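Report on the structure given below.
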Amino acid sequence: LEVIASVEPRIADATRQELADQRSSLKLIASENYASPAVLMTMGTWFSDKYAEGTIGHRFYAGCQNVDTVESIAAEHARELFGAPYAYVQPHSGIDANLVAFWSILAHRVETPALEKLGAKNVNELSEADWETLRHELGNQRLLGMSLDAGGHLTHGFRPNISGKMFHQQQYGTDPETGLLDYDVVAAKAREFKPLVMIAGYSAYPRRVNFAKMREIADEVGATLMVDMAHFAGLVAGGVFAGEENPVPYAHLTTTTTHKSLRGPRGGLVLAQEEYAGDVDRGCPMVLGGPLSHVMAAKAVALAEARQPSFQTYAQRVADNAQSLAAGFLSRGARLVTGGTDNHLVLLDVTSFGLTGRQAESALLDAGVVTNRNSIPADPNGAWYTSGIRLGTPALTTRGFGHDEFDRVAELIVEVLSGTEAGTTKAGGPSKASYLTADGVAAKVKDAAAEL
Ligand code: PLP
C-alpha cells in the first residue's frame, strides 16, 4: 500500500478502508467471498503486462510461452476438479463465459453446418449474399432460461440483457405455490417453444436442480443444455452437489464464475463436452480479445486450492451453515421463499416485516449487515425495490462461522427488520426506499456483529 500511496494516496486509503469494511461487517452477499492471500497476490504480477490473444500454443503475439504454461495449468486443474473433458479459462467474467458459450453453440449448431453446406472453410469465404443469410440465421435462434424473478440471471434471456436481444427468448418460472421448479412445466414449455439453447442454473434460487432431468428435456426437444453454475460451482467442486445434482456430466456446456462459492479471482470459465471443445476454444476471436493472464494464473491457484480435501470440508460447511441460517429465521417466524434452502443461499421475504427489499437492505447496512435486495416470485414491488433479501453463507463460512454464529446472524437480522418501519417521503407520501429504524438498534447490532 505504501507503493500505491506514493502515486495516488486516495486509492491506497480506499483500499485500506475496503479491507476494514469487509472485516468489520457481516458479508452475506451470496455471490461474494474472501479469496486467499495466494489468489490475491497472484493477480498482482507481471502477467498483467502481457498480451496473449489466441489459445494455448496458437497465439497472435510472440513471447507467450509463460502464459501458455499458466493457461494450461489452470485448464488442467479445472478439468480435473470438475471431471470435464475440456476447460476454457479465458473469460473475464461470468457474463463473458456465457457469451462464449452462446456463440460456441451458435457456431456448432448453425454456422458450421451452414458453411459445410456451402462448401466454405470459414465465414470470410462467403459471398455477401450467403453471409447475410447466415447472419440472419444466427440472429433467429431461440433460448429458454429461468426468469429473473424466479432466481435466474440476466444472461438467461432477460430482455434488457444482450441474451434477450440476441435470441428469441422465453423463460420458465417456479411454481407459484411452492416456489419450486416444476420439471413438467419446464418440459411443456420446451416442447412448445423448441429452443436451440436451454439454460439451467440460477442466482437466487435456494434449492438444488436435477440436471439429469434438465438434460432429458433438452434432448427431447433437440436443445443444447447449458448450465450456468456461477453461484454453486464451489458446491460442485467440493462434492456437495453430486450425481444428478452435478451439472458437468449432463450439460453440453457448463459455465461459471470463479469468484463466488469457488473462492477464486473475479473471472469465468467454460467447461465443455468434447464435441463443443473446438468451438469454445475459439472464444478469442469469437467474443474475447486478450486474456487477463494474471487472472488466469490466479484461477490456477484457486482451482488448486479447491482440489485440496479442505475445500470439500468448506463446501459442506457452506451448505450446513445455510441450513442453520434458514432454521434461525424460521424459528423466529420469518418467511423464506420455498420454505428453506438446500444450497448456499436463503431468500428472505421481507413483506412480513412490512418492508420492501430496498428498505430492508438499507436498514441492515446501517447495522453492518451487508446483503442485497432481490426479487421474489411474482414480486409486488418490481425488480428495483423488490420484496426479498438474498443471503449467502460462502463468505462468512470462509471466516470460520458455524451453526451458532449463523443462528446469531439470523437473530440480529430479525432484530433489525422488526425494529424498522417503512418510511415516508418529505412530502408525506409512502416511499418504497425510505425507512426508519428504532433508536439504538443499528448501533447495538453493529457492535454484536463485530463481536462474531
Ligand atoms: N451467471 C450467474 C448465475 C450469476 O449469478 C452471475 C453474477 O452474479 C453471472 C453469471 C455474471 O457474472 P459476472 O458478474 O462475473 O459477469
_Give me Lys260, Lys194 sorted ascending by neighbouring Cβ count inside 10 Å, so fewest comes first._
Lys194, Lys260
*Evaluate the Kirkwood expression for the hydrodynamic radius of region 157-247, namely the inverse of the mean inverse distance over all pairs of different C-alpha atoms, and round to one decimal in Å.*
13.9 Å
*asked:* Per-residue counts of other Cβ atoms within 10 Å, averaged by peptide: what ranking do you get for 359-372, 33-46, highest first?
replied: 359-372, 33-46
*asked:* Checking the a/c ratio against 1.5 first, then a/b against b/c, what shape does the Cα gyration tensor give for region 265-393?
replied: prolate
*Mind giving me the nanometre distance, one decimal, between the label points for Leu365 and Val185, set 7 Å out from Cα along Cα→Cβ?*
3.2 nm
*For region 342-386, what does the alpha-carbon gyration tensor say about shape, rounded, prolate or oblate, given a ≥ b ≥ c as the root eigenvalues, a/c under 1.5 as rounded, and a/b over b/c as prolate?*
oblate
*Dimensions (Å) - the chain, Cα atoms, principal axes, largest first*: 74, 57, 47
*Counting Lys and Arg as +1 and Asp and Glu as -1, each charge on the Cβ, what is the dipole of region 157-219 about the Cα centre in debye, to the nearest 20?*
280 debye
*Scattering profile of region 1-122 at q = 0.14, 0.22 Å⁻¹ [log10 I(q)/I(0), Debye over alpha-carbon scatterers]*: -0.94, -1.34
*With the Cα gyration tensor of region 308-452 in hand, give its eigenvalues times 5 under a square root as the equivalent ellipsoid semi-axes, listed largest first in whole angstrom.*
27, 17, 12
*asked:* Once you keep just the Cα pairs under 8 angstrom separated by 6 or more residues, what percentage relative contact order results for the chain?
replied: 21 percent
*Using the per-residue mean of other Cβ atoms lying within 10 Å as a proxy for protection, in what order, highest first, do the peptides 346-354, 402-410 fall?*
346-354, 402-410
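Read-outs throughout are calculated quantities, based only on the coordinates presented, and are distinct from any laboratory measurement. Note that the structure is a prediction, hence the values are computed from the model and not measured. Reconstructed Cβ throughout: ideal geometry from the backbone, glycine too, with neighbour counts over all protein chains shown.
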